[in-house]
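One structure below.
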Amino acid sequence: MAVYAVLVTAFGLAVGSFLNVCIHRLPLGESLAFPASRCPRCGTPLKPYDNIPIVSYLMLRGRCRACGDPISVHYPIVEALTALVFLMSYLLYNPPLLFQRIVFGCAMIVLFFVDLEHQRLPNEITVPGIVIGFVCSFFMPPGWVESLVGIAVGGGSLWLLGTVWFFLRHEEGLGFGDVKMLAMIGAFLGWKLMLATLFVSTLLGSIVGVGLIAARRGNLKTPLPFGCFLAGAAILASVAGDRAVNWYVSLYP
């Protein structure tokens, strides 16, 4: 058990390194395969020993070996988070749900960091994610009916909310990327956990927004990367959502 857990975690670190490539290149429309990993500033290709997850960042003290330009701390964070997703999925789920949860967690990590940096949610993740989540539902939880309802209600609810906001305020409150992302979450987790995700993400967004206003670092029109809150809440729902929903339902005999 311990040996397998170590191997799974190590593989998660390696996948996290690839997710960093996705986070950097998808918003730029660049190929994920070519060219090889390189410094964003000087373009120097990374040596294999400079591309070891987390270890290389620590050995280089967070700077490019060639030009000395700082390396964003989000690189080791993404690698560590991905390893954690792999390990927790291994400990909590059995195949085939294990693989579904890993794919879902990796997608949420990419969407979180892309939205945090670029305020957009790439179609290359959300659209295939809807399809993959729905196809998986034929063979594992939540089942295709709950998945289909999750897609319809998830995408439809945010689309309706954004439309009403635009009608009342004559300004865009939610991007269509958020709509597709919530539809993807519904496809993977089903409508119950999708609604739990929406509730928690809205609560988190409200807390952060009020905090920014109280600290005089924002106002009611300050844009927030809502995809970040959706991603965090979705991962939480995928791990503990079923137990939380069952507990809540048990309160009403």
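The values are calculated or read from the model by the stated rules, or taken from the named source; none is laboratory data. Computed from a predicted model, the values in this text were never measured in an experiment. For neighbour counting, all protein chains shown are included, and Cβ atoms are generated from backbone atoms with ideal geometry for every residue, glycine included.
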Item to complete: Could you identify the single residue in Q100, Q119 that is touching a residue at least 12 places away in the same chain (Cβ under 8 Å), out of contact with any Asp or Glu (no Cβ under 6 Å at 6 or more places or on another chain) and at positive phi?
Response: Q119
Discussion item. So for the stretch 32-45 (the condition being within 24 Å of the chain's Cα centre (by Cα), under 20 Å from V114 (Cβ atoms), modelled with pLDDT of 85 or more and surrounded by fewer than 16 Cβ atoms within 10 Å (Cβ to Cβ)), does at least one residue qualify?
Written reply: yes
Worksheet item: Of all residues in the stretch 1-21, which are of a type outside the set (A, V, I, L, M) and under 19 Å from S56 (Cα atoms)?
Response: T9, F11, G12, G16, S17, F18, N20
Worksheet item: Going by the conditions given, is V55 modelled with pLDDT of 95 or more and closer than 24 Å to T9 by Cα?
Response: no
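Of the residues L26, L13, L19, which single one is at pLDDT below 95, assigned to a helix (DSSP H, G or I) and surrounded by 16 or more Cβ atoms within 10 Å (Cβ to Cβ)?
Details: L13 fails: at pLDDT below 95; L19 fails: at pLDDT below 95.
Of the residues listed, the single one that is at pLDDT below 95, assigned to a helix (DSSP H, G or I) and surrounded by 16 or more Cβ atoms within 10 Å (Cβ to Cβ) is L26.
Just to be sure before I move on: is T202 of a type in the set (V, I, T), more than 20 Å from C106 (Cα to Cα) and at pLDDT 85 or above in the structure I sent?
Working: of a type in the set (V, I, T): yes; more than 20 Å from C106 (Cα to Cα): yes; at pLDDT 85 or above: yes.
Judged against the criteria, T202 is a match.
Which of the following residues is among the hydrophobic types (A, V, I, L, M, F, W, C) and modelled with pLDDT under 95: V114, V127, V103, V131? Walk me through it before giving the result.
Details: V114 fails: modelled with pLDDT under 95; V103 fails: modelled with pLDDT under 95; V131 fails: modelled with pLDDT under 95.
Answer to the selection: V127.
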Discussion item. When you scan the stretch 60-70, do you find a residue that is over 24 Å from T126 (Cα atoms), in contact with a Lys or Arg (Cβ under 6 Å, 6 or more places away or on another chain), of a type in the set (D, E, K, R) and not assigned by TED's automatic domain parsing to the domain that holds L236, even just one?
Written reply: yes
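Out of the residues in the stretch 177-207 that are surrounded by fewer than 15 Cβ atoms within 10 Å (Cβ to Cβ) and among the aliphatic types (A, V, I, L, M), which is nearest to W144 (Cα to Cα)? Spell out the reasoning first.
Filtering the stretch 177-207 down to residues surrounded by fewer than 15 Cβ atoms within 10 Å (Cβ to Cβ) leaves 199, 203, 206-207.
In the following step, the residues that additionally are among the aliphatic types (A, V, I, L, M) were identified as 203, 207.
On the way: L203: 28, I207: 34 Å.
Top of the filtered list is L203.
What are the residues in the stretch 41-93 that are in a helix (DSSP H, G or I) and more than 19 Å from M108 (Cβ to Cβ), if any? Explain how you work it out, then say what you get.
The initial filter retains those residues of the stretch 41-93 that are in a helix (DSSP H, G or I), namely 48-50, 55-59, 74-92.
Those that are in a helix (DSSP H, G or I) and more than 19 Å from M108 (Cβ to Cβ): P48, Y49, D50, V55, S56, Y57, L58, M59.
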Discussion item. Just the residues that are within 19 Å of L189 (Cα to Cα) and of a type in the set (G, A, S), please, taken from the stretch 67-126.
Written reply: S89, G105, A107
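Residue by residue through the stretch 205-253, note down the ones that are polar (S, T, N, Q), at pLDDT below 80 and in a helix (DSSP H, G or I). First the steps, then the outcome.
First, pick out the residues of the stretch 205-253 that are polar (S, T, N, Q): 206, 219, 222, 238, 246, 250.
Narrowing the set further to residues that are at pLDDT below 80 leaves 219, 222, 246, 250.
Matches in the stretch 205-253: N246, S250.
Can you tell me which residue in the stretch 48-63 is farthest from L116 (Cα to Cα), limited to those that are free of Cβ contacts under 8 Å to residues at least 24 places away in the same chain and touching a Ser or Thr at 6+ places or on another chain (Cβ under 9 Å)?
First, pick out the residues of the stretch 48-63 that are free of Cβ contacts under 8 Å to residues at least 24 places away in the same chain: 48-50, 52, 55-63.
With the extra rule that they be touching a Ser or Thr at 6+ places or on another chain (Cβ under 9 Å), the set shrinks to 49-50, 52, 62.
Values: Y49: 29, D50: 26, I52: 24, G62: 20 Å.
Within the stretch 48-63, the match that is farthest from L116 (Cα to Cα) is Y49.
With the requirement that a residue be more than 17 Å from the chain's Cα centre (by Cα) and either within 20 Å of A237 (Cα to Cα) or in a helix (DSSP H, G or I) (or both), what does the stretch 108-138 give you?
Of the stretch 108-138, the ones more than 17 Å from the chain's Cα centre (by Cα) are 134-138.
Answer for the stretch 108-138, where residues must be more than 17 Å from the chain's Cα centre (by Cα) and either within 20 Å of A237 (Cα to Cα) or in a helix (DSSP H, G or I) (or both): F134, V135, C136, S137.
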Worksheet entry | Residue within the stretch 91-102 that is under 25 Å from the mean Cα position of the chain (by Cα), surrounded by 12 or more Cβ atoms within 10 Å (Cβ to Cβ) and farther than 26 Å from A5 by Cβ present | no
